[in-house]
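Asks: Starting off with a structure, shown below.
Bear in mind that the values in this text are calculations on the coordinates, not laboratory data. Note that this is a predicted model, so its numbers are computed, not measured. Ideal geometry is used to build each Cβ from the backbone, glycine not excepted, and the neighbour counts take in all protein chains shown.
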Amino acid sequence: MNHTNNMNRWIDVSQPLNEKLAHWPGDLPYSYQLTFSKQQTGSVNIGQMAMSVHSGTHVDAPFHFKNDGAKITDLDIHVFIGKARVVDLSKYEKIDKAALRSLHLEGVKRLLIKTAVPNQATAFPENIPYVTPDGAAYMKEKGIILIGVDVPSVDPLDSKELEGHHALADNGISILENLMLDKVKEGDYELIALPLPMEEADGSPVRAVIRAI
């Protein structure tokens, strides 16, 4: 990925989809293969892929953790396009009210968080910082509508209650996971991270890009 300070240059902050991509233990890994080759068809190569909707950089819909929750096509696409702020919370073990109060969040609607976990798309982390209920409530108080993190989840990896997911949804905050932010400076950016229009889906991969403003 070519990270640059050129204000006209879009920066790709998505994990690359390939067969080395780390996936949630027990979930379907990403794979791609040719169904038909140009030699076979006489005109084109045609490929197919298999993957979890939570592979790589992706959006979680509330249906992921609530049977009556909104699905991907129920979400407002405007949430995933617009001004975002990249912040560094790598010295904090939790994304809670105390950590968030260290930031200047006035006017911020989309918050992209760098953690201490290295952005290694081929290695699934053992422990991650996570969002607490008071952190989610504080974000709502500040007017935030989207949180993006550079780890696979907004909850501890062994959590079954998923308090962070539920608290964010209850506070009207959408969830974007597995961003690649290690080489991105803190500051304000334009963000595009549109989920695919996958009806009935509990999540969707995205191509997340940012541009400094």
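Asks: Length gain on complete extension for the stretch R211 to I77, per 0.36 nm per residue less the alpha carbon to alpha carbon distance?
Replies: Values: separation 134, 0.36 × 134 = 48.24 nm, distance 1.83 nm.
My answer for the length gained is 46.4 nm.
Asks: Enumerate the amide H contacts of T57 below 5 Å, restricted to partners 5 or more residues apart or on another chain; note that Pro and chain-start residues carry no placed amide H.
Replies: For T57, the qualifying residues are Q15, V206.
Asks: Got a sec to turn the phi values of the range 197-213 into Karplus ³J(HN,Hα) couplings, 6.51 cos²θ - 1.76 cosθ + 1.60 with θ = phi - 60°, whole Hz, x for Gly and Pro?
Replies: x, 8, 4, 6, 7, 8, x, 7, x, 9, 9, 8, 9, 10, 9, 4, 10
Asks: I've got another one for you. Which loop-located GluC sites (Glu not before Pro) does the range 156-189 contain, where loop means any DSSP state but H, G, I, E or B and the Cβ has at most 15 other Cβ atoms within 10 Å? Present the calculation step by step, with values, prior to reporting the outcome.
Replies: Numbers: sites: E161, E163, E177, E186; in loops: E161, E186.
For GluC sites (Glu not before Pro) across the range 156-189 that sit outside H, G, I, E and B with at most 15 neighbouring Cβ atoms in 10 Å, the list reads E161, E186.
Asks: Right, here's the next one. How high is the relative contact order of the chain, in percent, with contacts defined as C-alpha pairs under 8 Å that are six or more residues apart? Can you show the working numbers first?
Replies: Details: 489 pairs, mean separation 63.6, N = 213.
Relative CO of the chain lands at 30 percent.
Asks: Take the cross-link list K83/K183; K20/K83; K71/K91; K20/K142; K94/K160; K66/K183 and give me the ones stretching past 29 Å between alpha-carbons.
Replies: The answer is K20/K83; K71/K91; K20/K142; K66/K183.
Asks: Using every alpha carbon pair in the range 50-177, what percent of pairs falls into each 10 Å bin from 0 up to the bin containing the largest distance?
Replies: Reading upward from the zero bin: 13, 48, 34, 5, 0.
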